[in-house]
Each structure stands twice: as structure tokens, then as C-alpha cells.
Ligand code: HEC
Ligand code: HEC
Ligand code: HEC
């Protein structure tokens, strides 16, 4: 009886580990799903350590977590424009692509991870000519779309970049 029970347990134990193994193997990362193809940045390093940037770039960028809008403090180092200057992706005609193109640097991981950002409603998503400065000092803001700059006029910022 005891031996039959242990045989049974062994069998079920084996089944359990097989089930776990199978579910691990069918997890996306093992199923050969394409990993994001992240375009390489210009130069030999990012503004911060690459691993830090992978995990924490949003902390450097998000308005509510930085001082730019609240106190008019701007550091060029973590400026979105600088990010896009180094992380520009060119198409076959050697033209910088915008965030409308899935190959855009910022979309490489975001599409993969289903992250949505609204940044490019207001900010240009590719480097370009500086637009004329306005009285609100928002000269560096050059939205991709016509409906950009929503609410930007009401934001108080020190001076133009
Ligand atoms: C409603 C319009 C609007 C949206 C949406 C928006 N911004 Fe801004 N952002 C501004 C304005 C206006 C400024 C101040 C203008 C300036 O500094 O030249 C600014 C400044 C910044 C700055 C500092 C200046 C610079 O050039 O780097 C960063 C960084 C920034 N935004 C990042 C982001 C990110 C990241 C997102 C998306 C999560 C975002 N913004 C979404 C309007 C917007
Ligand atoms: C001087 C050029 C330069 C600037 C400015 C710059 N980067 Fe980078 N960035 C790089 C380089 C080079 C790498 C490293 C690529 C690698 O290791 O393969 C990198 C790596 C990254 C990575 C990780 C990519 C990966 O392969 O996993 C992220 C995310 C990133 N940068 C975001 C940003 C953001 C956001 C900004 C603006 C705050 C920014 N970078 C500014 C050059 C730059
Ligand atoms: C190496 C992959 C990778 C690259 C490249 C990348 N991101 Fe991200 N980003 C992520 C991931 C993953 C998240 C979600 C993190 C989370 O939810 O904790 C994220 C989140 C964000 C967020 C916060 C969104 C929110 O609502 O909380 C912002 C803002 C952001 N990214 C901006 C950018 C910008 C701008 C670029 C291009 C300059 C960029 N990212 C490039 C991986 C990346």
C-alpha cells in the first residue's frame, strides 16, 4: 500500500513538474516571440548608464517628476530634444522618422510593452529646425500634429530654450 502511494505521488509529482516546465516553456520569452529591436543611439554612451536608462528614463522625463514646468528649471542633459537628437532613426531616404513610424526609437520598446505616451502631441518626435519663439517662450515646442500644444499656452515657463 505504502509503495503504491509513493509511486502514485511520484507520478503526480512528475506530472506537476512537467506542467510547470511546459507553462514556463510556453511563456512568450521562450516561445521565440520577437524581442524589440532597439535602434542604437549616437555616440558611445547615453546621458546616464544604459541599464539605468532602460529602467528609469521615465523618471527623468515625466513632467510631474521634474522641475521644468513647476520652477522653470531646465537641464539640457535630460531634455527630450537631446534624447531625440541622439536617438534619431533615419528612413531609407536618410530622413528622420517621426513617432508615427513604428521604427521610432521611443516606440521600439513601448509597442512591445504596450506603453502609450502622449508626449508627441506637443513635443516634436524628431530633430528639426527650431520653430520661431513665441511670447510664451515655448519656442522649442514643435508638435508633430496640428492639434498639438493643447493647454500649453496656459503653462508658465521662464524663457525660451
Ligand atoms: C500639453 C502639451 C505637452 C505634453 C502632452 C507634454 N509636454 Fe513636455 N513640455 C510641454 C511644455 C509647454 C514644456 C515647456 C517648454 C520648454 O521647456 O521649452 C515642456 C517641457 C518638457 C521637458 C523639458 C524641456 C525639454 O525640452 O526637455 C521635458 C523633458 C518634457 N516636456 C517631457 C515630456 C514627456 C516625456 C511627455 C510625455 C509623457 C511630455 N513632455 C508631454 C508641453 C507638453
Ligand atoms: C549623446 C547621445 C545620447 C543622448 C543625448 C541620449 N542618449 Fe540614450 N543612449 C545613447 C547611447 C549611445 C546608448 C547606448 C546604446 C547601447 O548601449 O546599445 C543609449 C541608450 C539608451 C536607452 C537604452 C536602449 C537599449 O538599448 O536598451 C534608453 C532607453 C535611452 N538611451 C533613452 C534616452 C533618453 C530618454 C534620453 C534623453 C533624456 C537619452 N537617451 C539621451 C545615446 C544618447
Ligand atoms: C529600452 C526600451 C525603451 C525605450 C527605448 C524607451 N522606453 Fe519609455 N518605457 C519603457 C517601458 C518598459 C516603460 C514602462 C515602464 C513601467 O510601466 O514601469 C516605459 C515608460 C515610459 C514613460 C512613462 C509612461 C507612463 O505613462 O508612465 C515615458 C514618459 C517614456 N517611457 C518615455 C520614453 C521616450 C520619450 C522614449 C524615447 C526617447 C522612450 N521612452 C524609449 C521602455 C522603453
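Every number in this text was worked out from the coordinates using simple rules, so none of it is lab data. Nothing here was measured: the structure is a model prediction, and the numbers come from that model. Please note: Cβ atoms are built from the backbone with ideal geometry, for glycine as well, and neighbour counts cover all protein chains shown.
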#### Entry: Span from the segment 83-127 Cα centroid across to the segment 41-56 one, whole angstrom
16 Å
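Could you sort 84-91, 48-55 so that the peptide with the highest average Cβ count within 10 Å comes first and the rest follow in order?
Ranked by mean Cβ neighbours within 10 Å, highest first: 84-91, 48-55.
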